[in-house]
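A short worksheet on the structure shown next.
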């Protein structure tokens, strides 16, 4: 089962044995039984691969249950109040968020509108679970004491994808002529509680009613906010490995909707933003630097005043933008925004923005406090022929005369891909190069070195 679960920060090992349902069953023991059932029941064996991922926490700080896309939290009192089959439904609902990589696959939807994205994911999960076991042999829909269901479920969404449900909910909100939700995206509905007016300000009554149907919460943002890039990547790799195993061994008994969702997860290309992010992080070289603000104490004892090492500094970066008229300015804007976002993370000492076509058109240099200015000043001029080697020659010349630091971490070449074949001399430069190609341009780019990514709107 999952490696650990905890209450009040106290961690204990999970058991691997079947427990009988009794009135004296503790929340810990109940969750152990749930995970054992999910991992050992042949009809649930697909989900068993994901019952071993992440940690489980029992907390009274949430109304019902939630997940951050890797780890799961249950309200012990809530789970103890449900029949066991309903407990299985709740657990599988959370597993679906993990198995189908909702925080990763639909991050763009959560950035647009977290409330509607939450709803869309929950509607899809519950639809699949109801279709998976319509006779309620293994699981049952959670109900309130009066017998009414308190889950997001609407038969009209049968066969819908998460993105289709999200679009429908957007249109429903517009149809009811309500103002657009605030930019902060407030309004993630809390389970089994009356939705507060401030959280759902700007949404139509129809959406407010739907939020009131939720029984779980999502903490997807915590997966990205509370973890390093390396930890997020490791989490995704762990889930990907489970997906491959589960789909290969246990995927044959899934419903049509579950299979389509799985195919989408497996076949989805990694977003270009992820590639750009990984390139910049991996290319970053931490170079020790010195400062006279603090003298080297060993040398100072000999009355020799030399600077001491004070930390690590990132090198310089080059963003080279093709100014040809076939460039898509929307794609350029997206690329620049992601580049600037990463600059704030890796903190390069300087950024050189080079505008080029057949020759260098202009160059702008920005320091550590000027990254955001790149977004305001990227107004390329040019539009002649397209020769990427002019960038190579420019960099070589400026390194030679010390205008550029010899410690350039990486180069990003933005273009539509319609350019003369770059020379092999790019290899000799010995600097990581990322060729960011407008997806609306050429799809047959050949480069002598570096990595190619295609930027999509």
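The values are calculated or read from the model by the stated rules, or taken from the named source; none is laboratory data. Small disclaimer: the values here were computed from a predicted structure and weren't measured. Every residue, glycine as well, gets a Cβ built from its backbone with ideal geometry; the counts of neighbours run over all protein chains shown.
Can you tell me which residue in the range 22-62 is surrounded by the fewest Cβ atoms within 10 Å (Cβ to Cβ), limited to those that are touching a strand residue (DSSP E or B) at 6+ places or on another chain (Cβ under 9 Å) and in a helix (DSSP H, G or I)? Restricting to residues being touching a strand residue (DSSP E or B) at 6+ places or on another chain (Cβ under 9 Å) and in a helix (DSSP H, G or I), the top hit is 28. Applying a threshold of 8 Å to beta carbon distances and a minimum spacing of six or more residues, or different chains, the list of pairs starting in the range 351-374 at a residue that is touching a residue at least 40 places away in the same chain (Cβ under 8 Å) and ending at one that is part of a loop (DSSP other than H, G, I, E, B) reads 352/404.
Of all positions in the range 122-131, at least one carries a residue that is more than 19 Å from residue 221 (Cβ to Cβ), in contact with a helix residue (DSSP H, G or I) (Cβ under 8 Å, 6 or more places away or on another chain), surrounded by fewer than 18 Cβ atoms within 10 Å (Cβ to Cβ) and in contact (Cβ under 8 Å) with a residue 12 or more places away in the chain.
In this entry, residue 404 passes the filter for residues that are in contact with a helix residue (DSSP H, G or I) (Cβ under 9 Å, 6 or more places away or on another chain), in the same structural domain as residue 351 (by TED's automatic domain parsing) and at pLDDT below 90. State whether one or more residues within the range 85-103 are touching a helix residue (DSSP H, G or I) at 6+ places or on another chain (Cβ under 9 Å), within 25 Å of residue 151 (Cα to Cα), part of a loop (DSSP other than H, G, I, E, B) and at pLDDT below 90. Yes: the range 85-103 contains one or more residues that are touching a helix residue (DSSP H, G or I) at 6+ places or on another chain (Cβ under 9 Å), within 25 Å of residue 151 (Cα to Cα), part of a loop (DSSP other than H, G, I, E, B) and at pLDDT below 90. Counting only residues that are outside any loop (DSSP other than H, G, I, E, B) and crowded, with 19+ Cβ neighbours inside 10 Å, the range 391-437 holds 18 of them. Criterion first (assigned by TED's automatic domain parsing to the domain that holds residue 209 and assigned to a helix (DSSP H, G or I)) does residue 82 satisfy it? For residue 82, the condition - assigned by TED's automatic domain parsing to the domain that holds residue 209 and assigned to a helix (DSSP H, G or I) - is not met. The residues in the range 63-78 that are under 16 Å from residue 145 (Cα atoms) and surrounded by 22 or more Cβ atoms within 10 Å (Cβ to Cβ) can be counted, and the count is 1. Filtering the range 358-378 down to residues that are within 28 Å of the chain's Cα centre (by Cα) and surrounded by fewer than 17 Cβ atoms within 10 Å (Cβ to Cβ), which residue is farthest from residue 348 (Cα to Cα)? Once the filter is applied, the top-ranked residue is 376.
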